[in-house]
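The values are calculated or read from the model by the stated rules, or taken from the named source; none is laboratory data. Please read these numbers as outputs of a predicted model, since none were measured by experiment. Counting neighbours? That spans all protein chains shown, and the Cβs are built from the backbone with ideal geometry, glycine included. Keep in mind that these areas ignore ligands, DNA and RNA; they rest on the heavy atoms of the full protein, side chains included. Shrake-Rupley method; radii C 1.70, N 1.55, O 1.52, S 1.80 Å.
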Amino acid sequence: MNFKQPAFELKDKLTRFRRDFHSHPEVSFCEERTSSVIRKFLQDNGIEIQEINSGYSVVGIIRGAYPGKTFALRADIDALPMPELNEVPYKSQNEGVMHACGHDGHTAALMGVALLLNSVKDQMHGNVKLFFQAAEEKIPGGAKGMVEHGALENPYVDAVMGLHVSNALPVGKVAFGGGPGAAASDTYRFKIIGKGGHGAYPHATVDPVVIAAYFITNLQTIVSRNVEPTQGAVITIGSIHGGSKENIIADEVEMLATVRSLDDGVRDLLHKRIKEVCAGTEVMYNCKVEYEVEMGYPVLVNDGDFVNKYAIPAAAKIVGAENVIESKKSGMGGEDFAYFLQQRPGCFGSLGSGNAEKGISAGGHTSKFDIDEDCLWTGAATLAQAAFDYLEANK
Ligand SMILES: [Zn+2]
Ligand SMILES: [Zn+2]
């Protein structure tokens, strides 16, 4: 079985699906229309829906004619709260909301997978679950809820796989790697509380602006001095606010930080040291340091054996071995597919969607983001191939 040609024939249909979602984007936890379009599509094609009661996430099941394992494929379906600046016929019709991460493409590609596998289910051993997952872009994320509500059970899912479009990769290429594939991403809100006063009489105050300067410098030593140099870690202070006028010493300074890591041990170390720096700052500067931490998605860890045995060979059948790239290192972005990979073996790969000649190169989460829609059929074919071949190999 090879899905290249049948997927290619779905090209126009998948483009229509994607453009419909693109022009009607919905933000995380609000994907009402998107979810109902998916439900109707599954019903129209006679595909069973597993009711898991987890927000707007939808799970389809294609049961093969023969018994076997169950393989799950996931597409996220949500958009971002930002305006679209592309002037295209399928431009967002929801003011201030845009499919700027390509999840419209993921959804369309998974609908393609549904059509491809549903048409060969009489030859299929085992089942395929289609995870149309809501709310990837917003913590706590939709994947966690799906796991908690039993998406990986009834029937028991043996392996999971997903793809994310990437304009850094030309259309027609696909990339996979074993090991970490996305970072744990946690958020801190810090408040340094000093004692305000007149800028001319600093000795009568506890100046939180000066303390903040040292505090940030000390935080930066965690990555440079405490984390092993070969490990990945990031502490970025993305926001700082305090004070109002040159001669007034502020009462407090607030900061927001993102803290990222590719390993659970490093993640623990970062949090431990941040708390120590907070406590040490209080003693050293006679101030108060308050913090709130929001733990984000965990590290996404791909199964190297699965990548070599199933993902790479499946992609090679579709785009040719020369177009399958082995990713050697992880980015520091976050991705809630990590929750599925905490539970089951599998992988999350990159689907080439860039095209320099057509001017498609803007990165995700930008207002000019778009994809080369030829990635829809290559993505659908790769996922369908991996699912079918996995079930065939494990029957
Ligand atoms: Zn995103
Ligand atoms: Zn995304």
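Conditions: (1) buried (at least 22 other Cβ atoms within 10 Å of the Cβ); (2) within 21 Å of GLY112 (Cα to Cα). MET98 meets all but one. Number of the miss?
(2)
For the stretch 363-379, which residues satisfy the criterion of being over 17 Å from GLY172 (Cβ atoms) and either more than 16 Å from ligand 2 (Cβ to nearest atom) or open to solvent by 30 Å² or more (accessible area, probe 1.4 Å) (or both)?
From the stretch 363-379, those over 17 Å from GLY172 (Cβ atoms) are 363-369; that's our starting set.
Within the stretch 363-379, GLY363, GLY364, HIS365, THR366, LYS368 qualify.
Being closer than 16 Å to GLU282 by Cα, assigned to a helix (DSSP H, G or I), of a type outside the set (A, V, I, L, M, F, W, C) and free of Cβ contacts under 8 Å to residues at least 60 places away in the same chain narrows it down to one residue among THR217, THR221; which is it?
Details: THR221 fails: closer than 16 Å to GLU282 by Cα.
Result of the check over THR217, THR221: THR217.
Just give me the residues in the stretch 58-113 being out of contact with any Phe, Trp or Tyr (no Cβ under 6 Å at 6 or more places or on another chain), among the acidic types (Asp, Glu) and within 14 Å of ligand 1 (Cβ to nearest atom), in sequence order.
Hits for the stretch 58-113 are ASP76, ASP78.
Quick check: anything in the stretch 32-53 open to solvent by less than 70 Å² (accessible area, probe 1.4 Å), acidic (Asp, Glu) and modelled with pLDDT of 95 or more?
The answer is no, given that none of the residues of the stretch 32-53 is open to solvent by less than 70 Å² (accessible area, probe 1.4 Å), acidic (Asp, Glu) and modelled with pLDDT of 95 or more.
Among the numbered criteria (1) in a loop (DSSP other than H, G, I, E, B); (2) under 23 Å from PHE340 (Cα atoms); (3) not hydrophobic (A, V, I, L, M, F, W, C), which single criterion is violated by ARG39?
(1)
Based on what the data block shows, is GLY102 in the same structural domain as VAL171 (by TED's automatic domain parsing), over 22 Å from ARG33 (Cα atoms) and either over 18 Å from the mean Cα position of the chain (by Cα) or at pLDDT 95 or above (or both)?
Working: in the same structural domain as VAL171 (by TED's automatic domain parsing): yes; over 22 Å from ARG33 (Cα atoms): no; either over 18 Å from the mean Cα position of the chain (by Cα) or at pLDDT 95 or above (or both): yes.
No.
Please specify each residue of the stretch 68-102 satisfying the condition of being within 18 Å of ASP374 (Cβ to Cβ) and of a type outside the set (A, V, I, L, M, F, W, C).
We begin by selecting, within the stretch 68-102, every residue within 18 Å of ASP374 (Cβ to Cβ); these are 75, 86, 88-90, 99, 102.
Selection gives ASN86, PRO89, TYR90, HIS99, GLY102.
Spot the failing condition for PHE190; the list is (1) of a type outside the set (A, V, I, L, M); (2) under 19 Å from LEU383 (Cβ atoms); (3) surrounded by 23 or more Cβ atoms within 10 Å (Cβ to Cβ), and only one is missed.
(2)
Given the residues TYR66, TYR90, which is the only one that is open to solvent by 20 Å² or more (accessible area, probe 1.4 Å) and closer than 24 Å to ALA362 by Cα?
Numbers: TYR66 fails: closer than 24 Å to ALA362 by Cα.
Unique residue meeting the criteria: TYR90.
Mind telling me which of the residues GLY194, GLY177 ends up being more than 30 Å from ARG33 (Cα to Cα), modelled with pLDDT of 95 or more, in contact with a Pro (Cβ under 6 Å, 6 or more places away or on another chain) and not aliphatic (A, V, I, L, M)?
On the way: GLY177 fails: in contact with a Pro (Cβ under 6 Å, 6 or more places away or on another chain).
Going through GLY194, GLY177 in turn, just one is more than 30 Å from ARG33 (Cα to Cα), modelled with pLDDT of 95 or more, in contact with a Pro (Cβ under 6 Å, 6 or more places away or on another chain) and not aliphatic (A, V, I, L, M): GLY194.
Kindly establish whether SER350 is within 15 Å of ligand 2 (Cβ to nearest atom) and open to solvent by 10 Å² or more (accessible area, probe 1.4 Å). Give the derivation first.
On the way: within 15 Å of ligand 2 (Cβ to nearest atom): yes; open to solvent by 10 Å² or more (accessible area, probe 1.4 Å): yes.
Yes: the conditions hold for SER350.
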